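Nothing in this text is a laboratory measurement; each read-out follows from the coordinates by a stated rule. Keep in mind that this is a model prediction, so the values were computed, not measured.
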Amino acid sequence: MQMLSEDLIRGARGAAEYTGLPVRTIYHMTEKSLLPVIRKGRALFYRKSDLDLAFTSK
């Protein structure tokens, strides 16, 4: 199992780089609650494991 600090990505830009999607798509999916996000003040954090699950075909 991954350590939490190794699983976190800071910001939509980081999530976009990780997934290969445009930053605007990450913001849109976050606003529509399609991606799990952790909010700390104005900062957004995404878990790599959550992103992997969100984009894995079932």
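How high is the relative contact order of the chain, in percent, counting Cα pairs under 8 Å that sit 6 or more residues apart? Computed over the chain, the figure is 38 percent. Placing one equal scatterer on every Cα of the chain and applying the Debye formula, the log10 ratio I(q)/I(0) at q = 0.21, 0.29 Å⁻¹ is -0.76, -1.38.
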